[in-house]
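The structure appears right after this line, and notes come after that.
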There are 2 protein chains.
Amino acid sequence: MKMNPRCTYCLLSRVHFQSKLSTDDEDLISKTIKECLEVMNRHYDPEAVSASVATKIHRKCYEVLNDNDPYAVTKKLISQAALKVLPVAKEKIYEGSPDNGELFRRAVLASVVANYFDFGIMGFDASEDKFEAAFLKYFEHGLDVDDTPKMLGLLQDVVYIADNCGEILFDVLVFDIIKKLGGKLTLVVRGGPILTDVTLEEIDEFEIDKKVDRILTTGSNAVGVLIEEAPAELLEAMKNATLIISKGMANYETLSEHNFGPIAYMLLTKCECVAEDLGIEQGLSVAKLMNYP
Amino acid sequence: MKMNPRCTYCLLSRVHFQSKLSTDDEDLISKTIKECLEVMNRHYDPEAVSASVATKIHRKCYEVLNDNDPYAVTKKLISQAALKVLPVAKEKIYEGSPDNGELFRRAVLASVVANYFDFGIMGFDASEDKFEAAFLKYFEHGLDVDDTPKMLGLLQDVVYIADNCGEILFDVLVFDIIKKLGGKLTLVVRGGPILTDVTLEEIDEFEIDKKVDRILTTGSNAVGVLIEEAPAELLEAMKNATLIISKGMANYETLSEHNFGPIAYMLLTKCECVAEDLGIEQGLSVAKLMNYP
């Protein structure tokens with residue numbers, strides 16, 4: 001996905017947000033904004049890939065703050081919030097013993113709704129106490145774009161590219177169904193801390209490695225999956241997969257520049273630009289299969 | 001008022017907003033954002049005056065768009081919306097034949113509430129059909145900071161620095177009281193089109209010159225009042241005034257850097273940074289007298 005004019009101020013707003021998470025030093029916050037403005041000024045281009053510019057901006061931000069994980073505390077809070085809502089999600093998915101197709105749809109829906117767990121996007125906020133109500137509202141609403149019936153036949157060898165902390169605990173509900181249906185599962189997390197994205201740390205903490213066949217990383221702390229920073233093993237796995245599942249907006253922003261497939265983008269269109277790029281409205285729950293003959 | 005990190009993305013967001021008002025040409029919008037980013041990168045400094053940087057940004061924006069008034073149509077719509085609500089405001093002010101003090105307070109309140117007529121500030125929007133309800137809600141709430149009793153004794157020679165279109169029609173309600181109380185009134189409007197601010201055009205259109213003793217301009221299309229661009233006559237009038245009334249945030253942002261007084265800032269704290277600078281909360285109705293012994 002290419003950069004939109006809106007990305008300039010949305011990214012700067014996020015830089016400010018995470019700078020305040022990291023420090024109370026107003027001079028340091030100003031310096032961070034100034035240096036990130038400089039990076040934005042150098043790289044803003046309507047032909048640039050949005051998440052690639054975001055990676056440059058966030059790396060500069062972390063460097064100036066001298067903080068390799070401004071969201072460290074936030075991520076713990078997000079995981080706690082997720083754990084509280086998880087039993088509600090499980091109950092909703094298994095309610096009335098649905099068939100495999102319906103079970104898969106509901107698990108996908110729960111994991112898409114959990115994409116709500118993303119702090120710091122302008123105009124979008126998820127505080128702990130609001131999440132259960134929001135989860136139920138979105139779950140009752142269902143998927144606005146639902147390609148789960150087509151995805152169901154492609155679960156033999158799945159590469160699942162995770163997005164945020166919190167959300168990952170709901171992704172496990174999808175893993176359970178894929179494994180139940182006999183699929184092989186490779187989970188991909190970020191190679192280093194970036195925003196509230198899942199890294200190996202949370203995989204260890206919640207023993208998620210026991211739920212999948214293999215864990216790979218994106219090879220770096222890039223926003224999304226930057227192919228030029230991805231390990232050969234990941235590219236190989238994506239090439240051979242019967243289905244790639246890409247969670248969230250940043251993975252979409254990067255992977256939509258390539259032709260991997262079949263690939264299912266599972267996300268909430270929290271941002272107007274991503275929604276526009278997908279040709280749908282903002283605020284929708286999406287499981288959209290692409291590059292599938 | 002000095003620049004806050006938040007001003008960077010708020011201003012860029014406003015550049016985007018007004019670019020879309022001016023054109024559908026995506027390439028031109030991108031070019032505008034890019035050139036304004038460059039100006040922001042050059043001038044962002046925590047010691048810079050926010051409205052002074054805003055002036056540089058907006059002038060670049062108008063120049064690249066080759067449009068000296070992107071809000072031309074919007075301003076007409078705002079005036080129409082204001083005219084619809086004006087009778088409600090008059091009724092509320094004169095209801096129950098209040099004494100001069102209460103009359104002045106109510107007129108000031110109405111003109112402060114009308115500061116709501118300001119499109120394009122991030123997170124703040126006033127659409128035509130919502131305005132009457134919003135007006136009544138804010139009017140019933142009253143002034144959060146109310147220095148009108150002190151202002152009442154200072155109305156002999158008032159310099160009234162206007163802010164937005166629409167709002168100016170409510171300012172006239174204050175002019176009526178000042179004139180009724182025997183005060184002399186100099187109205188100051190922008191020297192050229194900037195944002196939705198009042199210029200001589202609307203003064204002519206609504207014959208507001210008949211309501212005051214003298215009209216001056218700020219000498220340019222600067223955001224607020226840039227002293228270095230202000231005519232000598234204006235500076236002289238401000239020096240000799242028994243009271244300066246400064247409407248809205250941009251006038252505060254520029255004039256708070258100087259020591260004119262007594263000066264009453266009449267505004268809604270729509271922006272977090274202005275609220276913080278005034279030492280009060282966001283979203284308040286303010287008539288605050290300063291530089292008064």
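The values are calculated or read from the model by the stated rules, or taken from the named source; none is laboratory data. What you are looking at is a predicted structure, and each value in this text was computed from that prediction instead of being measured. Methodologically, a virtual Cβ is constructed for each residue, glycine included, from the backbone with ideal geometry; neighbour enumeration extends over all protein chains shown. Just so you know, the surface numbers come from the protein's heavy atoms only, side chains and all, with ligands and any DNA or RNA stripped out. Shrake-Rupley method; radii C 1.70, N 1.55, O 1.52, S 1.80 Å.
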| query | Going by a ≥ b ≥ c, the root eigenvalues of the Cα gyration tensor, does segment A:37-85 fall in the rounded group (a/c under 1.5), the prolate group (a/b larger than b/c) or the oblate group? | reply | oblate
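Classify segment A:123-238 as rounded, prolate or oblate from the Cα gyration tensor: take a ≥ b ≥ c as the square roots of its eigenvalues, call it rounded if a/c is under 1.5, otherwise prolate when a/b beats b/c and oblate if not.
Values: a/c = 1.68, a/b = 1.17, b/c = 1.43.
Cα axes put segment A:123-238 in the oblate bin.
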| task | Compute the label-point distances linking residue A:228 to its equivalents in the other copies; points lie 7 Å from Cα along Cα→Cβ; give nm, one decimal, shortest first. | result | 4.1
| Between the DSSP loop rule and a limit of at most 13 other Cβ atoms within 10 Å, which GluC sites (Glu not before Pro) in segment B:1-82 are left? | B:47
| note | Sorting from shortest, the nanometre distances separating the label point of residue B:239 (7 Å past Cα along the line to Cβ) from those of the same residue in the other copies are 7.9
| message | Order A:260, B:17, A:135, B:139 by their accessible area, 1.4 angstrom probe, all chains in place, largest first. | response | B:17, A:260, B:139, A:135
| said: 7 Å along Cα→Cβ for the label point: how many nanometres lie between residue A:63 and each equivalent label in the other copies, listed shortest first? | reply: 3.0
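Counting only protein heavy atoms and a 1.4 Å probe, tell me what percentage of the protein assembly as shown's accessible area is made up of carbon and sulfur. Please list the in-between numbers first.
Values: 11120 of 22630 Å².
Answer for the protein assembly as shown is 49 percent, counting heavy atoms of protein chains only.
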| field | Solvent-accessible surface (1.4 angstrom probe) belonging to residue A:105, in square angstrom, nearest 10 | value | 80
| request: Collect residues whose amide H, placed 1.01 Å from N in the peptide plane, falls under 5 Å from the amide H of residue A:157; neighbours closer than 5 in sequence don't count. | output: A:184, A:242, A:243
| remark: Distribution output for the protein assembly as shown: share of Cα-Cα pairs per 10 Å bin in percent, first bin at 0, values 3, 16, 23, 20, 16, 12, 7, 3, 0
| note | Rounded to the nearest 10 Å², the accessible area of residue B:138 using a 1.4 Å probe with every protein chain kept is 40
| message | Using only Cα atoms and rounding to the nearest 10 degrees, what angle (0 to 90) does helix A:26-43 make with the longest principal axis of chain A? | response | 70
| request: Report the charge-dipole magnitude of chain A in Debye, nearest 20, computed about the Cα centre from +1 at each Lys and Arg Cβ and -1 at each Asp and Glu Cβ. | output: 380
| query | For chain B, modelled as a Gaussian network with Cα springs under 10 Å, which listed residue fluctuates most, B:163, B:204, B:144? | reply | B:204
| Between B:221, B:251, B:100, which gets the highest mean-square fluctuation from a Gaussian network model of chain B, Cα cutoff 10 Å? | B:100
| said: Quick check: with the 1.4 Å probe, what order do B:77, B:65 take by accessible area, largest first? | reply: B:77, B:65
| note | Taking segment A:1-116, the whole-percent share of alpha-carbon pairs separated by over 22 angstrom is 52
| said: Test of the criteria: in segment A:126-207, which GluC sites (Glu not before Pro) are in a DSSP loop and have at most 10 other Cβ atoms within 10 angstrom of their Cβ? | reply: A:207
| said: Can you show me the helix-derived [θ] at 222 nm for chain B, built from DSSP H runs with n ≥ 4 at -39,500 (n - 2.57) apiece and divided by the number of residues, rounded to the nearest 500. | reply: -16000 deg cm²/dmol
| remark: Rounded to the nearest 10 Å², the accessible area of residue B:14 using a 1.4 Å probe with every protein chain kept is 20
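Would you mind giving the average projected area, over all directions, of the Cα convex hull of chain B in nm² with one decimal? Write out the running numbers ahead of the final one.
Numbers: hull surface 56.3 nm².
Computed as one quarter of the Cα hull surface, the answer is 14.1 nm².
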| request: Counting only C-alpha contacts under 8 Å and six or more residues apart, can you give the relative contact order of chain B as a whole percent? | output: 20
| remark: Quick tally, 1.4 Å probe accessible area for A:220, B:22, sorted with the most first, runs B:22, A:220
